[in-house]
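As structure tokens, the structure follows; a few thoughts come after it.
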Amino acid sequence: MRHEFVAGEIYAMAGGTPEHAALAAAVLRLLGNQLPAGCRAYTSDLRVRVVASDVTTYPDGTIICGKVTRATDDPMAATNPIVVIAVTSPSTEAHDRGAKLDVYKTLPSLKEILIVSHREPLISAHRPNSDGTWETFEAQARGATVDVPSVGAQLALDDVYRDFEPE
């Protein structure tokens, strides 16, 4: 079982459903196939340390360009993702779109956070503006795409949600 660490407290993480795993795999496959040289996609096995928030977590996917920077207090955790991918679930959706989103926003390296809905074809892309504020772009309609400019990629909702059955 995986655990998240928040300010020294340990929280157990439940395993995902087959639908959850399929959505995460689809996003990683589709993005991974478009990544430029020097960038790699990582599964939920990669632990991410958010030093500013004192949180260690396992996103559903991450993208890191260049060498992985490891946390000084946890050499198994990366601190420099440029893209974080979170697939929601019935029990985590509010947290993923609220407190956890705010935690990820404190990662200095982060260029994008993609939140993939478990309920319906919907991907929310969160990006920082030059003034430090964050903007949200949503793709929900059939045929819609989500740009991931930090790695020069695009996600077509129809591809991500192909054969999708809501939880």
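The values are calculated or read from the model by the stated rules, or taken from the named source; none is laboratory data. In this text the structure is predicted, and so the values were computed from the model without any measurement. Methodologically, a virtual Cβ is constructed for each residue, glycine included, from the backbone with ideal geometry; neighbour enumeration extends over all protein chains shown. Accessible surface is based on the protein model in full, side chains and every heavy atom, while ligands, DNA and RNA are left aside. Shrake-Rupley method; radii C 1.70, N 1.55, O 1.52, S 1.80 Å.
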(request) Only one of these is among the acidic types (Asp, Glu) and part of a loop (DSSP other than H, G, I, E, B): 165, 138. Name it. (result) 165
(request) Read through the list (1) farther than 25 Å from residue 165 by Cα; (2) touching an Asp or Glu at 6+ places or on another chain (Cβ under 6 Å); (3) surrounded by 18 or more Cβ atoms within 10 Å (Cβ to Cβ), then give the number of the only condition that residue 129 fails. (result) (3)
(message) Looking only at residues that are in contact (Cβ under 8 Å) with a residue 12 or more places away in the chain, surrounded by fewer than 17 Cβ atoms within 10 Å (Cβ to Cβ) and within 15 Å of the chain's Cα centre (by Cα) in the stretch 26-47, which one is farthest from residue 164 (Cα to Cα)?
(response) 40
(request) With the checklist (1) in a loop (DSSP other than H, G, I, E, B); (2) more than 17 Å from residue 44 (Cα to Cα); (3) in contact (Cβ under 8 Å) with a residue 40 or more places away in the chain in hand, flag the one item residue 154 doesn't pass. (result) (1)
(request) Tell me, please, whether a residue that is in a helix (DSSP H, G or I), surrounded by fewer than 18 Cβ atoms within 10 Å (Cβ to Cβ) and within 14 Å of the chain's Cα centre (by Cα) can be found in the stretch 73-96. (result) yes
(request) Would you please name the residue that is most open to solvent (accessible area, probe 1.4 Å), looking only at residues in the stretch 48-69 that are of a type outside the set (Val, Ile, Thr), assigned to a strand (DSSP E or B) and under 21 Å from residue 151 (Cα atoms)? (result) 65
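Would you check if residue 109 is small (Gly, Ala, Ser) and open to solvent by 10 Å² or more (accessible area, probe 1.4 Å)? Spell out how you get there, then give the answer.
On the way: small (Gly, Ala, Ser): yes; open to solvent by 10 Å² or more (accessible area, probe 1.4 Å): yes.
Spelling it out, residue 109 is indeed small (Gly, Ala, Ser) and open to solvent by 10 Å² or more (accessible area, probe 1.4 Å).
Do you know which of the residues in the stretch 84-111 that are of a type outside the set (A, V, I, L, M) and in contact (Cβ under 8 Å) with a residue 60 or more places away in the chain is nearest to residue 129 (Cα to Cα)?
Applying the first criterion (of a type outside the set (A, V, I, L, M)) to the stretch 84-111 yields 88-93, 95-98, 100, 102, 104-106, 108-109, 111.
Retained after the next criterion (residues that are in contact (Cβ under 8 Å) with a residue 60 or more places away in the chain): 89-91.
Working: 89: 28, 90: 30, 91: 30 Å.
That would be 89.
Could you tell me which residue of the stretch 4-25 is modelled with the highest pLDDT, considering only residues that are surrounded by 14 or more Cβ atoms within 10 Å (Cβ to Cβ) and outside any helix (DSSP H, G or I)? Working first, answer last.
Residues of the stretch 4-25 surrounded by 14 or more Cβ atoms within 10 Å (Cβ to Cβ): 4-6, 16-17, 19-25.
Next, only the ones that are outside any helix (DSSP H, G or I) stay: 4-6, 16-17.
Working: 4: 56, 5: 47, 6: 52, 16: 72, 17: 82.
Only one residue fits best here, namely 17.
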